[in-house]
Every structure is written in C-alpha cells, then in structure tokens.
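K.L.:
Mind having a look at this structure? Questions to follow.
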Amino acid sequence: MNLQKYTLLTFLLFSFSCAKLVDIEKISPSIVLDIRYATTNNFTKTKLYPSAKCFLQEPVAQALDNIQKELKAKGLGLKIWDGYRPHSVQYKLWEIVPDSRYVGRPEKGSKHNCGCAVDLTIIRLSDGKELDMGTEFDNFTKKAWSICKDLSNQQLKNRKLLHAIMKKYGFKSIKTEWWHFNWKEWDKYPILNIQFEELE
C-alpha cells in the first residue's frame, strides 16, 4: 500500500471511529454524571479531562439508556464516573498506578480508550444517594473486588443488582473493580486518542 492510500485509509478509519463516539447526555439525559477525572477528586489528585463529559460508542450508550429506563421503574438510576478515555491519559494513569489489575497497560490500551468501558453505580432517584456497594469508586483493595464476600448482606444485594442488570444488557464485569464494566463487543473498536475538545 502506498503512502497516499495509507493516509486516506487512516483518515477514513479516524472519521468512522470518531463518528461512533456519542455524548451520553444526548442519548440518556437522566443519567447522573460525576466524571471524577475532570476534577481533582480522584486517586491521582489531578484533573485529567478538560470537561465533565462522558463519551461512549453508540451501542454502549444505547444499552445504558435501556438500563436507565428499567432502573427508573424501580425508583433507581445510574451514576457514571468514567467512560471514554483518550489513550494519552492512559499513560498518565499508569505512571501513578503501574498495576495491570487496576489500570490497563498503555501499550495495549484500555477498553476505556475504545469507548467501550464504563465505571458506574446505582443511585436512588428520591435523594440521589448511591446504593452502598461496600467501597468507594477507585478503591484499590480486595474489598472492591467483584468476587469479595466480606460485605454486609445489603452490600452484596446491591452489587448483585448492579451486576445482574449490566450483564442483562451486554456488559461484562471484571474481577478487581465492582464498578467497571466492558461492552461485550469491545474488540470491534480501535484504541482512540481523540481529545474531548475534538469530540465537543
């Protein structure tokens, strides 16, 4: 393949990938956002995103909208902490926590870099409070592991509710973080380094 064709193909792939990333607020505006990496209220104590936006691949966003609708009937809803993450930010996170149990190796990329991973929890619509899941977001202890049983009955029940409804709509959990879910078809999407300013 000559350079001109390669450049054109790269441009087309970039454009196609960019078009698939959507703002969750435009798909499901009732979902609450608490994008921690747009603030200093995260484990890095550094603001890594320029704005508190959540971008995701369109099928991921549509699935979350379906989850939100089902939860609403129970007086519950979703709160999202993180969605799409530019690949450049992955390197910054790895510098602070070089542990593949919690941060994807930047050379391989993260599902977040594809717009196919989401960090979230469930809240009560009546007062906006999060259901008690046993730990806070970005807790790096074994108590935050999805398989942890050292929790109260209510905490276990809350986690079971979260994991069951996410699985129902095509998401898969991971071992070390109860709040992290990967879209079932994440491997169909490329690693992206599109900045928030470009998406906005």
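K.L.:
Within the set of pairs 6 or more residues apart or between chains, which connect a residue that is without any contact (Cβ under 8 Å) to a residue 24 or more places away in the chain inside the range 154-170 to a residue that is surrounded by fewer than 16 Cβ atoms within 10 Å (Cβ to Cβ) and charged (D, E, K, R) with Cβ atoms less than 8 Å apart?
P.N.:
From residues that are without any contact (Cβ under 8 Å) to a residue 24 or more places away in the chain, the pairs are Q154/D132; Q155/D132; L156/K149.
K.L.:
Out of the residues in the range 27-46 that are among the β-branched types (V, I, T) and at pLDDT below 95, which is surrounded by the fewest Cβ atoms within 10 Å (Cβ to Cβ)?
P.N.:
Restricting to residues being among the β-branched types (V, I, T) and at pLDDT below 95, the top hit is T46.
K.L.:
Hey, another quick one. Go over the candidates L13, L56 one by one and state the one that is crowded, with 19+ Cβ neighbours inside 10 Å and either closer than 20 Å to E185 by Cβ or modelled with pLDDT of 95 or more (or both).
P.N.:
On the way: L13 fails: crowded, with 19+ Cβ neighbours inside 10 Å.
Answer to the check: L56.
K.L.:
Still on this structure, I have one more. Condition check: surrounded by 15 or more Cβ atoms within 10 Å (Cβ to Cβ), at pLDDT 95 or above and not in a helix (DSSP H, G or I). Does Y49 satisfy that? Step through it out loud before you land on a result.
P.N.:
Values: surrounded by 15 or more Cβ atoms within 10 Å (Cβ to Cβ): yes; at pLDDT 95 or above: yes; not in a helix (DSSP H, G or I): yes.
Yes.
K.L.:
Shifting gears a bit: Look at the range 34-55 and say how many of its residues are farther than 22 Å from W94 by Cβ and touching a helix residue (DSSP H, G or I) at 6+ places or on another chain (Cβ under 7 Å).
P.N.:
3
K.L.:
Let me ask something additional. Please specify each residue of the range 74-123 satisfying the condition of being touching a His at 6+ places or on another chain (Cβ under 7 Å) and surrounded by fewer than 19 Cβ atoms within 10 Å (Cβ to Cβ).
P.N.:
G109
K.L.:
Same structure again: Answer yes or no as to whether K172 is of a type in the set (K, R) and surrounded by 13 or more Cβ atoms within 10 Å (Cβ to Cβ).
P.N.:
It is true that K172 is of a type in the set (K, R) and surrounded by 13 or more Cβ atoms within 10 Å (Cβ to Cβ).
K.L.:
So Q68 passes all but one of these: (1) within 12 Å of I24 (Cβ to Cβ); (2) outside any helix (DSSP H, G or I). Which condition number does it fail?
P.N.:
Of the numbered conditions (1) within 12 Å of I24 (Cβ to Cβ); (2) outside any helix (DSSP H, G or I), the odd one out for Q68 is (2).
The values are calculated or read from the model by the stated rules, or taken from the named source; none is laboratory data. All figures in this text were calculated on a predicted structure; none of them were measured in a lab. All Cβ positions, even for glycine, are placed from backbone atoms using ideal geometry, and neighbour counts span all protein chains on display.
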